[in-house]
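The values are calculated or read from the model by the stated rules, or taken from the named source; none is laboratory data. On a predicted model such as this, the values are computed, not experimentally measured, just so you know. All Cβ positions, even for glycine, are placed from backbone atoms using ideal geometry, and neighbour counts span all protein chains on display. Heavy atoms of the whole protein, side chains included, go into the accessibility calculation; ligands, DNA and RNA do not. Shrake-Rupley method; radii C 1.70, N 1.55, O 1.52, S 1.80 Å.
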Amino acid sequence: MSMEFEWDEDKRQSNLEKHGVDFVDAVLILADAPLILEDTRRDYGGAKAICEALMHPGTTFIRAKSLEEQDIDHLLARRELLVQHRTQLVNQTRAFLSERGIIIPKGRHSFMKTLPQNLQRSPNI
């Protein structure tokens, strides 16, 4: 598909004198395949993502993560599981002890602080 270009000769001369760009050269440049570069001069953040999403409805965009980011995400997920399991263990132990008459206040710190004292008082557990 070829394109034809037209321009006013006076405007061409004016542009050549003012900007140093000849329309004839522009035709040669525009005849080639376009070179597309990402603009890295400034972070467009959400505005760019919104424009992309509007241009491609129904498409889900996912940002690629580096190996380091994936490692951090993995470690954070494991830590979250560890905290959940620790909380479950503390609550289950509190429930078990409360059935035997030993009441320990809520919270991991209270549990860790009072458990040794309560176990010394009730050696049958």
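Which residues, counting only those in the range 66-113, are among the basic types (Lys, Arg) and open to solvent by 70 Å² or more (accessible area, probe 1.4 Å)? So that I can check it myself, show each step before the final result.
First, pick out the residues of the range 66-113 that are among the basic types (Lys, Arg): 78-79, 86, 94, 100, 106, 108, 113.
Selection gives 78, 79, 86, 100, 106, 108, 113.
Take the conditions (1) closer than 30 Å to residue 3 by Cβ; (2) of a type outside the set (A, V, I, L, M, F, W, C); (3) surrounded by fewer than 10 Cβ atoms within 10 Å (Cβ to Cβ); residue 48 misses just one of them, which is (3).
Looking at this structure, is residue 87 β-branched (Val, Ile, Thr) and either in contact (Cβ under 8 Å) with a residue 12 or more places away in the chain or in contact with a strand residue (DSSP E or B) (Cβ under 8 Å, 6 or more places away or on another chain) (or both)?
Values: β-branched (Val, Ile, Thr): yes; either in contact (Cβ under 8 Å) with a residue 12 or more places away in the chain or in contact with a strand residue (DSSP E or B) (Cβ under 8 Å, 6 or more places away or on another chain) (or both): yes.
The answer is yes for residue 87.
One residue is enough: does the range 98-115 have a residue meeting the conditions more than 30 Å from residue 5 (Cβ to Cβ), of a type in the set (Phe, Trp, Tyr) and in a helix (DSSP H, G or I)?
Our first condition is that a residue be more than 30 Å from residue 5 (Cβ to Cβ); within the range 98-115, this holds for 98-115.
Now narrow it down to the ones that are of a type in the set (Phe, Trp, Tyr): 111.
Subset that is in a helix (DSSP H, G or I): 111.
Looking through the range 98-115, at least one residue is more than 30 Å from residue 5 (Cβ to Cβ), of a type in the set (Phe, Trp, Tyr) and in a helix (DSSP H, G or I).
Report whether or not residue 21 is within 30 Å of residue 7 (Cβ to Cβ) and surrounded by 10 or more Cβ atoms within 10 Å (Cβ to Cβ). Yes; evaluated as a whole, the condition is true for this residue. For residue 37, the conditions (1) of a type in the set (A, V, I, L, M); (2) open to solvent by 60 Å² or more (accessible area, probe 1.4 Å); (3) modelled with pLDDT of 90 or more are fulfilled apart from (3).
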